[in-house]
Amino acid sequence: MPRGKPAGIPCVQLLPDYRCALFGKPERPAVCVSLRPTEEMCGMNREAALAHLTGLELATRP
């Protein structure tokens, strides 16, 4: 996504089972390669992870 990705919009590379279509490939963006998920970021389930991401997006929006 050359111009970035709006908050709340899934990445265009996200597969139906929530895996990355570019994982392990050289064309995977550097920001994705450098991401080091933490237990806090992931939470106990998908809903907790999305809530955490929403909080980060709200805290860092211009």
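For region 33-47, the set of residues classified as surrounded by fewer than 11 Cβ atoms within 10 Å (Cβ to Cβ) and either over 22 Å from residue 4 (Cβ atoms) or in contact with a helix residue (DSSP H, G or I) (Cβ under 8 Å, 6 or more places away or on another chain) (or both) consists of 38, 39, 40, 44, 45, 46, 47, listed by residue number. State all residues of region 20-32 that are within 24 Å of residue 55 (Cα to Cα) and either among the polar types (S, T, N, Q) or surrounded by 10 or more Cβ atoms within 10 Å (Cβ to Cβ) (or both); if no residue qualifies, say none. Residues satisfying the conditions are 20, 29, 32. Taking residues in region 35-62 that are under 18 Å from residue 23 (Cβ atoms), and partners anywhere that are in a loop (DSSP other than H, G, I, E, B), the pairs with Cβ atoms closer than 6 Å and at least 6 places apart or on different chains are 49/43. Among the residues making up region 21-62, those that are in a helix (DSSP H, G or I), under 14 Å from the mean Cα position of the chain (by Cα) and of a type in the set (S, T, N, Q) are 34, 54.
Cβ-Cβ distances below 9 Å connect the following pairs, each with a first residue in region 15-27 that is on the phi < 0 side of the Ramachandran plot and of a type outside the set (A, V, I, L, M), a second residue that is surrounded by 10 or more Cβ atoms within 10 Å (Cβ to Cβ) and at pLDDT below 95, and a separation of six or more residues or different chains: 20/11; 20/13; 20/14; 20/28; 20/32; 23/13; 23/32.
The set of residues from region 1-29 being more than 25 Å from residue 58 (Cβ to Cβ) and among the hydrophobic types (A, V, I, L, M, F, W, C) comprises 15, 21, 22, 23.
The values are calculated or read from the model by the stated rules, or taken from the named source; none is laboratory data. Quick caveat: nothing in here was measured; it's all calculated off a predicted structure. Backbone-built Cβ (ideal geometry, glycine too); neighbour counts: all protein chains shown.
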